[in-house]
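Notes to accompany the following structure.
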Amino acid sequence: MSAALLRINALNAWYGESHVLHGVDVEVNEGEVVTLLGRNGAGRTTTLRSVLGLVGRRTGAVMINGRDAIGLSPHKIARLGVGYCPEERGIYSSLSTEENLLLPPLLGAHGMPLDEIYAMFPNLEKRRASRGTHLSGGEQQMLALARILRTGARLLLLDEISEGLAPVIVQALARTITALKEKGYTIVMVEQNFRFAAPLADRFYIMERGRIVEGFAASELQGRMSMLHEFLGV
Amino acid sequence: MSETFGIPVAVILGQLTLGLVNGSFYALLSLGLAVIFGLMGVVNFAHGAFYTLGAFAALLGLQYFGVNYWAALVLAPLAVGLVGVIVERLFLRHLYQLDPLYGLLLTFGLALIVEGSLHQVFGASGQSYPVPDSLSGVLNLHFMFLPLYRAWVIVASVVACFGTWFIIERTSLGASLRAATENAPLLQAFGVNVPLLKAATYGGGVALAALAGVLASPVVLVNSHMGTSLVIVVFAVVVIGGMGSILGAIVTGLALGVIEGFTKVIYPEASNIVVFIIMALVLMIRPAGLFGKD
């Protein structure tokens, strides 16, 4: 097994006065796809935001590529090779599609070239001059994903990327994630859509009330279905 | 000679041209205010003080170091911009989490300190800055003789305004600035050094004020309070144009200068308040300003 690209140890996080993460431990190996499952408010989004330093206060350890990121500012954490797709997609309305795409600075030498991105997401090329927020929901999601692929980030944090999209778009997204996995990207997904996440992930973590309650490999999935019913209602 | 409203056309055109010169200063100053407010949410009350500092930097540079006008046009905004960056790093950045009122109070206090210190050292009477030789002629526009220097002020400020607009709307740096206005934390999570971007924005905004100060130094008396009255009008310009609107600040600045000039011809008594009357009207009809988004 390869080394852990992301190791989260005893992570606590606060929004103002409220303590939302209580000692979260997550390990993601290089090239793995790991999915955080759980109900709304279980702390999955906060876990991703804590990795990036976007919460008020945090304690514990976040090791990215062997570097401790807990004391770093968000822009320095990103420069360790982290790409982030926020739940609300974060498409900028005052920027065109192409400006959105070119906005994040390059983080590594191995960013996906623009022609490869346009080959993967042809709609983005067609609509490059449109305002970012004039795209359809599916196109905006593609843009949010393409935006971080261009930077050369190798660790992708994807928050609810299938949310609110038509089934045909969700299928296209699943193919994209599979393709990225084959290219060796390391991916952490937060997903509500279990059917979307199940065939893609190598491992799963289940969160509940700001804690990891269970972690298991995809091969153990069948044996865990009753527990998943209990925690997620799937 | 032909007349309109019983006023010679030449007089009207003359006042409109002079209004355009004043409008050039309004545009440059309100542009800096709009950039700072748009990106940082700071109501920069020290803007007039930075304008004054720009003029003093040019004057003192000439008197003590022999820095000529053209060099001052570059060096004074750079120096004042650097002061702005230091102010942002030392003070302003601690206030972003708080109510915008705190930023306003801080910059207001800063303006009082700067103006008071200049008054203490240089006294109340103004000093004149010589018009550079190459701009000392007069331009014959047929309806009036325009001092060449005033024509230069219009050209220089339009170029500076358009240049700023171009940087913000058409370059990748500008895309980052616009993105930071909309959602700064996410931009930082992409790897952009947002704190640096904010400091640079404040520095750039006050550098524009300093540029206006240098441009003004040969046409006004350089004194510690030259920015005080001007900044009030400029705030009205920004409100009329729409807080934070780049294009709104430029267009409104120039237009209000012209309107003010026109008022001087038809009803001189109102020329000092016409800007505020327009502000009141605009606020009643379009509270977000002429170019603002609700």
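Each value in this text was obtained by applying a stated rule to the coordinates, not by laboratory testing. This one's a predicted model, so the numbers in the text were calculated from it and none came from an experiment. Glycine gets a Cβ as well: all are built from the backbone with ideal geometry, and neighbour counts include every protein chain shown.
The table below gives the values:
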| read-out | value |
| --- | --- |
| Cα-based helix-to-principal-axis angle, B:172-189 vs chain B, degrees rounded to 10 | 30 |
| 5 Å binning of all Cα-Cα separations within the range A:1-74, expressed as whole percents from 0 upward | 3, 17, 27, 26, 17, 8, 2, 0 |
| Note, ³J(HN,Hα) from phi for the range A:70-82, Karplus 6.51, -1.76, 1.60, rounded to Hz, x at Gly and Pro | 5, x, 8, 6, x, 5, 6, 5, 4, 6, 6, x, 10 |
| Long-range lysine pairs (8 or more apart or interchain), the protein assembly as shown, Cα under 30 Å | 7 |
| Förster radius 22 Å - calculated FRET efficiency between residue B:135 and residue B:74 (Cβ-Cβ, nearest 0.05) | 0.85 |
| Potential lengthening between residue A:123 and residue A:3 on full extension [0.36 nm per residue; Cα-Cα distance subtracted] | 39.5 nm |
| Principal semi-axes in Å for the range A:4-232 [√(5λ), Cα gyration tensor, largest first] | 27, 21, 17 |
| Largest-first ellipsoid semi-axes for the range B:199-271, taking √(5λ) over the Cα gyration tensor eigenvalues, angstrom | 23, 18, 10 |
| Directionally averaged projected area (convex hull, Cα atoms, the range B:1-122), nm² | 11.3 |
| Sorted by Cβ neighbour density within 10 Å, fewest at the top, the residues B:5, B:145 | B:5, B:145 |
| Selected from A:208, A:88, A:32 as most flexible by GNM, with chain A as the system and alpha-carbon contacts under 10 Å | A:88 |
| Amide H contacts of residue A:212 (H built 1.01 Å from N, under 5 Å, at least 5 apart or other chain) | A:25 |
| Cβ-derived FRET efficiency at R0 51 Å, residue A:73 paired with residue B:220, nearest 0.05 | 0.70 |
| Kirkwood hydrodynamic radius of the protein assembly as shown, Cα pairs, Å | 26.2 |
| Against the rule of thumb 2.2 N^0.38 Å, how large the Cα Rg of chain B comes out | 1.01 |
| Distance from the range A:102-163 to the range B:115-159 (C-alpha centre basis), Å | 51 |
| Nonlocal amide H pairs with residue A:15, under 5 Å, H built at 1.01 Å | A:20 |
| Nonlocal amide H pairs with residue A:156, under 5 Å, H built at 1.01 Å | A:83, A:186, A:187, A:188 |
| Residue with peak Gaussian network fluctuation, chain B [Cα springs, cutoff 10 Å], from B:88, B:115, B:182 | B:182 |
| Sorted by Cβ density within 10 Å, fewest first, the residues B:50, A:194, B:45, B:25 | A:194, B:45, B:25, B:50 |
| Residue-by-residue Karplus 3J(HN,Hα) for the range A:119-133, coefficients 6.51, -1.76, 1.60, Hz, glycine and proline x | 5, 6, 10, x, 4, 5, 6, 4, 10, 4, 8, 6, 4, x, 7 |
| All-pairs alpha carbon distance profile, the range A:116-234, 5 Å steps from 0, percent | 2, 9, 20, 22, 18, 14, 8, 5, 3, 0 |
| Chain A: calculated mean residue ellipticity at 222 nm from DSSP helix runs of at least 4, using -39500 (n - 2.57) | -8000 deg cm²/dmol |
| Estimated FRET transfer efficiency (residue B:148, residue B:63; beta-carbon r; R0 22 Å; 0.05) | 0.40 |
| Helix A:137-149 vs. chain A, principal-axis angle (Cα, 0 to 90°, nearest 10) | 80 |
| Acute angle (nearest 10 degrees) that the helix B:69-90 long axis makes with the longest principal axis of chain B, alpha-carbon atoms | 30 |
| Ranked list, fewest to most other Cβ atoms within 10 Å of each Cβ, for B:220, B:67, B:214 | B:220, B:67, B:214 |
| Extension gain from residue B:284 to residue B:11, taking 0.36 nm per residue of separation minus the Cα-Cα distance | 95.0 nm |
